[in-house]
Protein chains: 2
Amino acid sequence: MNFLITLAFDGTAYHGFQVQKNANTVCETFQNALEQLFGVRYDVKGCSRTDAGVHALAFELNFHAETSIPAQKLPLALNRFLPQDIRVLEAKQVPEEFHARYSAHSKEYVYRIRNSGIDSPFDKQYYWRCTQPLDAEKMNQAAQLLVGKHNFSAFMSAGSSIVDTVRTIYCFSVKREGEVVCCTVQADGYLYNMVRIMCGTLVEIGYGKMQPEQITKALASGNRQDAGITLPAQGLFLSKVCYNIQEEGD
Amino acid sequence: MNFLITLAFDGTAYHGFQVQKNANTVCETFQNALEQLFGVRYDVKGCSRTDAGVHALAFELNFHAETSIPAQKLPLALNRFLPQDIRVLEAKQVPEEFHARYSAHSKEYVYRIRNSGIDSPFDKQYYWRCTQPLDAEKMNQAAQLLVGKHNFSAFMSAGSSIVDTVRTIYCFSVKREGEVVCCTVQADGYLYNMVRIMCGTLVEIGYGKMQPEQITKALASGNRQDAGITLPAQGLFLSKVCYNIQEEGD
């Protein structure tokens, strides 16, 4: 049986999802919980690596296991063995060939910016703060230049071994809700730090340091120097992963 | 000159506002910042004591000082000397006789309840979690029984030396926003743990353990046993203090 699990996690204490030597990761913590429940250490496939400090509202992973526990009982059962900063929201049985990463056709991220002269005493691990006034409407208009199929190599941090840097962005919106500016992007995939660099570029446009045309220039040149700053991890949330699957009965 | 300061703070790390021996308090932390800025230790009057772990969206305090720093410069100046979990939002000059506590005609508190079978991995210091489904509409109707001038002694924890237990509640609303149920109450004053006991009573009504008539009974008897449980501090926020004052120029 193949189980698809939806997790929410506060990434503050973790070095991302993917297992690493000598680092606390979400995957390893989840595998520990699985092992406590099933008595077996299962291999787990995540929808994404996610960077250290990045959060998830709905991270998807799958694992194959033979068990008589019905899928709908897994959230409660697994949450007993997980720390409070990782929660299983949902579990369902999926076709054997389903893979949380390769079966996804798109992923959505949200980047939260607190745009205020005076900082908030709350929630500091869930946003990045920008003190300069941001024009969210201008940022939203500029974001539309990123929508579509493009070579995003200007929006990728050094250190990635990826060769194909073409991705398709399906939608990108920037909205202000009081002092918080939310950047929401949905794409078929992302390069290393791509969301954080795109949002950093929009921020520089939002306070007038860059012109929107700079996005067109960066897309054409493929040069990292033509894009904006890389925003820090703590404002970033993986918010949705989309699949075309038929759920199996459980 | 008399300055009125509006603070927001995350109360998690503090034993309330009021200075205590051998305990970290908001007042003492604020006085330390004042002393760093002015070189003098000023006496500070808070609008309320607030319990350990209680938060504030807008806590008011005043102090008298002779200074050439204009009020509008104080937020930035003081925030440099305050830890991130306490922020000065606003400062203004008020009449000499103004007192943050005695000049207040009403205070508003919000109690946040996360009503979900599965907990959230985020924000755990900012809500109390209730796993039983709550009928927020029924809670709201029951809350109206508390509105008005009543003897609230059934809604006061032991250990208070207060003699006059009559208070007036101006409004009380319970609203659901997704998984979060917010109880908002405005009154001319509060007894020890009064908001947390009133909200605990509404919760017991909301999941059917108590009937709304129990509120009428508790108000009539003045007996603590007739009211519901005391909810924990971390869901409680002081959200607004109302004054009738003419601001002085600064």
(message) Which of the helices (runs of 4 or more DSSP H) found entirely inside the stretch B:135-250 contain at least 2 residues meeting this: in contact with a Pro (Cβ under 8 Å, 6 or more places away or on another chain)?
(response) B:136-143, B:194-206
(message) Against the conditions (1) in contact (Cβ under 8 Å) with a residue 40 or more places away in the chain; (2) in a loop (DSSP other than H, G, I, E, B); (3) not aliphatic (A, V, I, L, M), where does B:Tyr109 fall short? Just the number, please.
(response) (2)
(message) Going by what's in this entry, would A:Gln20 be described as part of a loop (DSSP other than H, G, I, E, B) and among the polar types (S, T, N, Q)?
(response) yes
(message) Could you check the stretch A:110-157 and list, in sequence order, the residues that are polar (S, T, N, Q) and over 17 Å from A:Pro212 (Cα atoms)?
(response) A:Asn115, A:Ser116, A:Ser120, A:Gln125, A:Thr131, A:Gln132, A:Asn151, A:Ser153, A:Ser157
(request) Mind telling me which of the residues B:Gly148, B:Gly117, B:Gly159 ends up being out of contact with any strand residue (DSSP E or B) (no Cβ under 9 Å at 6 or more places or on another chain) and more than 26 Å from A:Asn79 (Cα to Cα)? (result) B:Gly159
(request) Identify, from the list B:Asn193, B:Asn223, B:Asn244, the residue that is open to solvent by 40 Å² or more (accessible area, probe 1.4 Å), among the polar types (S, T, N, Q) and more than 30 Å from B:Glu96 (Cα to Cα). (result) B:Asn223
(message) Test of understanding: among A:Leu76, A:Leu89, A:Leu82, which residue is of a type in the set (A, V, I, L, M, F, W, C), within 11 Å of chain B (Cβ to nearest Cβ), farther than 25 Å from A:Met194 by Cβ and surrounded by fewer than 16 Cβ atoms within 10 Å (Cβ to Cβ)?
(response) A:Leu76
(request) Identify the single condition in (1) of a type in the set (A, V, I, L, M, F, W, C); (2) open to solvent by less than 40 Å² (accessible area, probe 1.4 Å); (3) in contact with a strand residue (DSSP E or B) (Cβ under 7 Å, 6 or more places away or on another chain); (4) not in a loop (DSSP other than H, G, I, E, B) that A:Leu57 does not satisfy, given that it satisfies every other one. (result) (2)
(request) Please indicate, with yes or no, whether at least one residue in the stretch B:27-48 is part of a loop (DSSP other than H, G, I, E, B), within 14 Å of another protein chain (Cβ to nearest Cβ) and buried (at least 21 other Cβ atoms within 10 Å of the Cβ). (result) no
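The values are calculated or read from the model by the stated rules, or taken from the named source; none is laboratory data. Computed from a predicted model, the values in this text were never measured in an experiment. Cβ: placed from backbone, ideal geometry, glycine included. Neighbour counts: every protein chain shown. To get the accessible areas, we keep the full protein, side chains included, count just its heavy atoms, and leave off ligands, DNA and RNA. Shrake-Rupley method; radii C 1.70, N 1.55, O 1.52, S 1.80 Å.
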